[in-house]
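K.L.:
Once you've had a glance at the structure underneath, I'll fire off some questions.
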Amino acid sequence: MRNLMRIVISMSFVAGLTAGAVAQPAKPAPPPGKTDSKPAPPPPIKAEPPPAMTAPAPSAEVAAFVKANAGTWKCTGKMFMPDGSAADMKATIKTKFALDKFWAQISFVETKKNGFKFESYRTFDGKKWHAVMTDNWGSHEVSWSDGPKDGKTVWESISRSAMGEAKGRHYEEQASPKEMKMWGEFSMDKGKTWMKAYEASCKK
């Protein structure tokens, strides 16, 4: 009898283990081409260092302009007022390098006491000429030009003064290495009408 009970208990124990094993669901097989492990991260991208910046060099055009215009020029001419009246003008012009030869500095001084003066700076960016001017009347002007053509140079500009904003055009003509003529005009109505501002002949 005891032996029979031992057999029954043993069979029950084995059946319980078998039932427990069957009750646990089997893990699904991974789809083809996939595994449980995470993909390896891509290798780090090495950043290329930025190209080294080289300092710009002064333009040959500015150097040639200073060389051609160096020295003292004596000018005579007229200055025209907004009402159409004109006044005789005598002045000197001097040109030299400025700011490590990147700019040409032009100094204009009327010879009479308390006369008109201005300082102008010109440079060349490889395509166009650019100029900035300030004067002793509180005005300032920004100009641009394609440069000389057949001995003539035309500048366009925008200026600000006590009269307000104005458009300007300046004309320079090199008659010879030691003689040039200049004249200019301005417009207070955005180019609809123009008034002559000055004319001068200069010699070195």
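The values are calculated or read from the model by the stated rules, or taken from the named source; none is laboratory data. Note that the structure is a prediction, hence the values are computed from the model and not measured. All Cβ positions, glycine included, derive from the backbone under ideal geometry; neighbour counts span all protein chains shown.
K.L.:
Looking at region 124-139, can you tell me whether even one residue there is touching a residue at least 24 places away in the same chain (Cβ under 8 Å), more than 19 Å from Gly77 (Cα to Cα), in contact with a strand residue (DSSP E or B) (Cβ under 9 Å, 6 or more places away or on another chain) and among the hydroxyl-bearing types (Ser, Thr, Tyr)?
P.N.:
no
K.L.:
Which of (1) modelled with pLDDT under 95; (2) farther than 22 Å from Ala197 by Cβ; (3) assigned to a loop (DSSP other than H, G, I, E, B) is the odd one out, the single condition Ala21 does not satisfy?
P.N.:
(3)
K.L.:
When you scan region 178-191, do you find a residue that is in a loop (DSSP other than H, G, I, E, B), loosely packed, with under 15 Cβ neighbours inside 10 Å and free of Cβ contacts under 8 Å to residues at least 12 places away in the same chain, even just one? Give the derivation first.
P.N.:
Let us first name the residues in region 178-191 that are in a loop (DSSP other than H, G, I, E, B), namely 178, 188-191.
Cutting the leftovers down to loosely packed, with under 15 Cβ neighbours inside 10 Å gives us 178, 189-191.
Adding the requirement that they be free of Cβ contacts under 8 Å to residues at least 12 places away in the same chain leaves 189.
Yes, region 178-191 contains a residue that is in a loop (DSSP other than H, G, I, E, B), loosely packed, with under 15 Cβ neighbours inside 10 Å and free of Cβ contacts under 8 Å to residues at least 12 places away in the same chain.
K.L.:
Moving on to the next point. How many residues are closer than 22 Å to Trp103 by Cα and either aliphatic (A, V, I, L, M) or at pLDDT below 95 (or both) if we restrict to region 132-151?
P.N.:
The total comes to 6.
K.L.:
Okay, next question. Name the single residue, out of those in region 45-64 being exposed (fewer than 10 other Cβ atoms within 10 Å of the Cβ) and among the aliphatic types (A, V, I, L, M), that is modelled with the highest pLDDT. Break it down into steps so the answer makes sense when it comes.
P.N.:
Residues of region 45-64 that are exposed (fewer than 10 other Cβ atoms within 10 Å of the Cβ), as a first pass: 45-57, 60.
Restricting the remaining residues to those that are among the aliphatic types (A, V, I, L, M) gives 45, 47, 52-53, 55, 57, 60.
Values: Ile45: 81, Ala47: 80, Ala52: 82, Met53: 82, Ala55: 86, Ala57: 93, Ala60: 97.
Filtering first and then ranking leaves Ala60.
K.L.:
Follow-up question, since we're still on this one. Kindly indicate whether Trp144 is buried (at least 17 other Cβ atoms within 10 Å of the Cβ), out of contact with any helix residue (DSSP H, G or I) (no Cβ under 9 Å at 6 or more places or on another chain), in a strand (DSSP E or B) and not β-branched (Val, Ile, Thr).
P.N.:
Details: buried (at least 17 other Cβ atoms within 10 Å of the Cβ): no; out of contact with any helix residue (DSSP H, G or I) (no Cβ under 9 Å at 6 or more places or on another chain): yes; in a strand (DSSP E or B): yes; not β-branched (Val, Ile, Thr): yes.
No: the conditions fail for Trp144.
K.L.:
I've got another one for you. Can you name every residue in region 165-177 that is of a type outside the set (Gly, Ala, Ser) and either loosely packed, with under 14 Cβ neighbours inside 10 Å or over 18 Å from Lys67 (Cα atoms) (or both)? Give the derivation first.
P.N.:
Looking only at region 165-177, we keep the residues that are of a type outside the set (Gly, Ala, Ser), and these are 165, 167, 169-174, 177.
Across region 165-177, the qualifying residues are Glu165, Lys167, Arg169, His170, Tyr171, Pro177.
K.L.:
Output the number of the condition that Glu179 fails; it satisfies all remaining conditions of (1) closer than 18 Å to Met89 by Cβ; (2) acidic (Asp, Glu); (3) under 28 Å from the mean Cα position of the chain (by Cα).
P.N.:
(3)
K.L.:
So in region 152-168, with the set limited to residues that are out of contact with any Gly (no Cβ under 9 Å at 6 or more places or on another chain) and small (Gly, Ala, Ser), which one is modelled with the highest pLDDT?
P.N.:
Here the residue is Ala166.
K.L.:
If you don't mind, there's one more thing I want to ask. What number of residues within region 62-102 are in contact with a Gly (Cβ under 9 Å, 6 or more places away or on another chain) and not small (Gly, Ala, Ser)? Please lay out each step first, then the result.
P.N.:
Let us first name the residues in region 62-102 that are in contact with a Gly (Cβ under 9 Å, 6 or more places away or on another chain), namely 88-91, 94-95.
Narrowing further to those that are not small (Gly, Ala, Ser): 88-90, 94-95.
The total comes to 5.
K.L.:
A further question follows. Could you list, in sequence order, all residues of region 85-106 that are touching a residue at least 60 places away in the same chain (Cβ under 8 Å) and out of contact with any helix residue (DSSP H, G or I) (no Cβ under 9 Å at 6 or more places or on another chain)? Don't jump to the end; show me each part of the working.
P.N.:
Here is the first cut: in region 85-106, the residues touching a residue at least 60 places away in the same chain (Cβ under 8 Å) are 89, 91, 93.
Scanning region 85-106 gives Met89, Ala91.
K.L.:
Here are some residues: Ser120, Ser159. Which one is over 20 Å from Pro82 (Cβ atoms) and in a strand (DSSP E or B)?
P.N.:
On the way: Ser159 fails: over 20 Å from Pro82 (Cβ atoms).
The conditions single out Ser120.
K.L.:
Related question: Of the residues in region 47-87, how many are under 24 Å from the mean Cα position of the chain (by Cα), assigned to a loop (DSSP other than H, G, I, E, B) and among the small types (Gly, Ala, Ser)?
P.N.:
Residues meeting the conditions: 4.
K.L.:
Sticking with this structure for a sec: Hey, Cys202 hits all of (1) free of Cβ contacts under 8 Å to residues at least 24 places away in the same chain; (2) buried (at least 16 other Cβ atoms within 10 Å of the Cβ) but one; which does it fall short on?
P.N.:
Among (1) free of Cβ contacts under 8 Å to residues at least 24 places away in the same chain; (2) buried (at least 16 other Cβ atoms within 10 Å of the Cβ), Cys202 violates only (1).
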